[in-house]
Amino acid sequence: MGNDGGSIPKRRELVREAARLPTASELKATALESLTHAWTTCPLSDAPLDFSNTVSDWRGRLYNYESVLQCLMPSSSETPIPETQEAEFSRTGIKSLKDVVKLKITTKRDEKGREFAACPVSLKELGAAAKSVYIVPCGHVFAEVTMKEISDTEKQCPECSSSFEDRDVIAILPTDEAEVEKLAKRIEELKTLGLAHNLKKDKSASKKKRKAEDAKENKGNDEQKEKDKNGIASRINNPMTASLTAKVLAEQEERAKRRKIADGYKRSEAVR
Ligand SMILES: [Zn+2]
């Protein structure tokens, strides 16, 4: 047609092309591409992941800490948060800072000066090509093979020597069905224990239990809260992030206080 040397595909050819399933290697390439993207980009802000300021949720997904803070405290952000970001954030299920763990990622530079995440023990590059895990609550990140080599009796973080449970080794951006399932089971188990992803007490999760234990735990909680605050603040060196964190923590505390007052009111009503 048109003598231009091109040809218009016939319907039969078009149908054949559309119906063709992607080959295994094409599928693999797409999966690797999206995994690489998830390892390098914050899904909330679409900004490059900052390995010195990365957090992860119970699913092993990675976010920039700042983006999570901004979504938790939209009012404190100077620029309004785009709707797409808000929608993406609500899909994550992150409700408080307890739902994420700050990661401690070792970074190295190659000869070209490119910075990459590395396993502090094996020095392997971490990312889409190497399965990686992190430990809750300390947040240290390792290659999966490194963690497998740790003997069953030790169960201590190779970096900070804090002990941990098997359950709390979180696969980063897992692609295996079994790994995803394991993480889902873990968070269910934690919920029944009244714990959040970071293993801190999740007050909203076990209301009944909380009421029973409220009275005797109040003192300890306050002490723990003080410790948490100091702990988080001391790990943040960026002043903007630090002040935002303080705001989020203050807001969470305020909310908890209001809830406590409301609960107390309800209880005294019941007595009357
Ligand atoms: Zn550690």
Inset, instruction - Assess whether Ser90 counts as being at pLDDT 90 or above, under 24 Å from Lys104 (Cα atoms) and in a helix (DSSP H, G or I). - result: no
Legend entry - Considering residues of segment 36-66 that are aliphatic (A, V, I, L, M) and closer than 21 Å to Leu183 by Cβ only, the residue surrounded by the fewest Cβ atoms within 10 Å (Cβ to Cβ): Ala38
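Report whether or not Ala129 is more than 16 Å from the ligand (Cβ to nearest atom) and of a type in the set (A, V, I, L, M, F, W, C).
Details: more than 16 Å from the ligand (Cβ to nearest atom): yes; of a type in the set (A, V, I, L, M, F, W, C): yes.
Taking the combined requirement at face value, the residue satisfies it.
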Inset, instruction - With the checklist (1) on the phi > 0 side of the Ramachandran plot; (2) buried (at least 21 other Cβ atoms within 10 Å of the Cβ); (3) aliphatic (A, V, I, L, M) in hand, flag the one item Leu123 doesn't pass. - result: (2)
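Kindly indicate which of Glu78, Glu33 is in a helix (DSSP H, G or I), at pLDDT below 95 and loosely packed, with under 13 Cβ neighbours inside 10 Å. Please lay out each step first, then the result.
Values: Glu78 fails: in a helix (DSSP H, G or I).
Going through Glu78, Glu33 in turn, just one is in a helix (DSSP H, G or I), at pLDDT below 95 and loosely packed, with under 13 Cβ neighbours inside 10 Å: Glu33.
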Inset, instruction - Restricting attention to segment 149-204, report how many residues are within 16 Å of the ligand (Cβ to nearest atom), closer than 21 Å to Lys98 by Cα and of a type in the set (S, T, N, Q). - result: 3
Inset, instruction - Scan segment 89-120 for residues that are surrounded by 15 or more Cβ atoms within 10 Å (Cβ to Cβ) and closer than 18 Å to Asn198 by Cα and report the count. - result: 12
Inset, instruction - Quick one: Asn64 ticks every box in (1) at positive phi; (2) in contact with a Ser or Thr (Cβ under 7 Å, 6 or more places away or on another chain) except a single one, so which number is it? - result: (1)
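Scanning for something modelled with pLDDT of 95 or more and among the hydrophobic types (A, V, I, L, M, F, W, C), does segment 145-156 turn up at least one residue?
Here is the first cut: in segment 145-156, the ones modelled with pLDDT of 95 or more are none.
So far as segment 145-156 goes, no, none of its residues is modelled with pLDDT of 95 or more and among the hydrophobic types (A, V, I, L, M, F, W, C).
Which one is modelled with the highest pLDDT among residues in segment 1-30 that are surrounded by 10 or more Cβ atoms within 10 Å (Cβ to Cβ) and among the basic types (Lys, Arg)? Break it down stepwise before answering.
We begin by selecting, within segment 1-30, every residue surrounded by 10 or more Cβ atoms within 10 Å (Cβ to Cβ); these are 9, 13-16, 22, 26-30.
The next check asks that each one be among the basic types (Lys, Arg); those that pass are 16, 28.
Working: Arg16: 68, Lys28: 87.
Looking at residues that are surrounded by 10 or more Cβ atoms within 10 Å (Cβ to Cβ) and among the basic types (Lys, Arg), I get Lys28.
The values are calculated or read from the model by the stated rules, or taken from the named source; none is laboratory data. All figures in this text were calculated on a predicted structure; none of them were measured in a lab. Ideal geometry is used to build each Cβ from the backbone, glycine not excepted, and the neighbour counts take in all protein chains shown.
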